[in-house]
Amino acid sequence: MITCFEQQGRFLVLPRGSLLPLKELLDGLGVRLELTDERIDGAELDVRFTGELTDAQAEAAREMLTHELGVLCAPPGIGKTVIAAHLIAARRRSTLVMVHSRPLLEQWIQRMSRSSIWSPRKSG
């Protein structure tokens, strides 16, 4: 059962991660799916990751990179921001980061700005 959707006229807008279960459900019912994917790829970034990952961080990053979508859930202090910086650099795409508090926003800005973690490359 999909309970989190938005209806826009004749269309349903579904949350990320629900496409595969929806396809399976509709296939089982013999219903043809007409899909319009309106996601954007974001802007290409010319950046590189200059930090170092711990073994656990590297493993998490490798696993995350095997998926188009994902949620990284880890305890405080594991280095989620560092892993995210690595993922952004590996995918080389602009990324929307949403946090729920000012201190977390400031942490992101500080960690992403530090040259030891995130460093823009010069084009050309």
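The values are calculated or read from the model by the stated rules, or taken from the named source; none is laboratory data. Model, not experiment: these values are computed from the prediction. Counting neighbours? That spans all protein chains shown, and the Cβs are built from the backbone with ideal geometry, glycine included. Note: accessible area is taken over every heavy atom of the protein model, side chains too, but ligands, DNA and RNA are not part of it. Shrake-Rupley method; radii C 1.70, N 1.55, O 1.52, S 1.80 Å.
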Check your understanding: Within the stretch 3-44, which residues are under 23 Å from residue 71 (Cβ atoms) and in contact with a helix residue (DSSP H, G or I) (Cβ under 7 Å, 6 or more places away or on another chain)?
Key -> 14
Exercise for review: Quick one: in the stretch 1-55, of everything that is surrounded by 10 or more Cβ atoms within 10 Å (Cβ to Cβ) and of a type in the set (Lys, Arg), which residue is nearest to residue 78 (Cα to Cα)?
Suggested key: 48
**Study point:** Filter result (small (Gly, Ala, Ser), over 16 Å from residue 52 (Cβ atoms) and either touching a residue at least 24 places away in the same chain (Cβ under 8 Å) or open to solvent by less than 50 Å² (accessible area, probe 1.4 Å) (or both)) within the stretch 72-114
**Key:** 74, 94, 101
**Study point:** Tally of residues being assigned to a loop (DSSP other than H, G, I, E, B) and either in contact with a helix residue (DSSP H, G or I) (Cβ under 6 Å, 6 or more places away or on another chain) or among the hydrophobic types (A, V, I, L, M, F, W, C) (or both) across the stretch 52-66
**Key:** 1
